[in-house]
């Protein structure tokens with residue numbers, strides 16, 4: 001009896017960036033910062049990064065932001081000041 005294990009293939013930065021509709025350079029920055037799941041190959045300065053699309057989907061899906069919360073970009077101070085002025 002042989003059992004076949006179906007492993008999800010790794011994809012390169014270009015394919016992962018296309019999948020997420022972002023620029024490859026931005027995706028590499030997130031990978032280097034440890035903000036998304038990524039797999040570095042090599043130990044030198046110029047590592048090669050590989051991704052699994054299912055891991056990216058899971059990571060992105062678990063970080064959904066509600067529309068009434070503070071945006072994840074820009075200054076949070078503006079959001080606080082805005083909410084204080086709206087309460088008056």
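Of the conditions (1) part of a helix (DSSP H, G or I); (2) more than 16 Å from residue 18 (Cα to Cα); (3) at pLDDT 80 or above, residue 80 satisfies every one except a single condition; which number is it?
Exception for residue 80: condition (3).
Output the residue which, of all residues in the stretch 48-62 that are out of contact with any helix residue (DSSP H, G or I) (no Cβ under 6 Å at 6 or more places or on another chain) and assigned to a strand (DSSP E or B), is surrounded by the fewest Cβ atoms within 10 Å (Cβ to Cβ).
48
Output the residue which, of all residues in the stretch 1-47 that are assigned to a loop (DSSP other than H, G, I, E, B) and in contact with a helix residue (DSSP H, G or I) (Cβ under 8 Å, 6 or more places away or on another chain), is modelled with the lowest pLDDT.
Looking at the filtered set, the residue picked out is 8.
The values are calculated or read from the model by the stated rules, or taken from the named source; none is laboratory data. Owing to the predicted nature of the structure, the values given are computational and were not obtained by experimental measurement. Every residue, glycine as well, gets a Cβ built from its backbone with ideal geometry; the counts of neighbours run over all protein chains shown.
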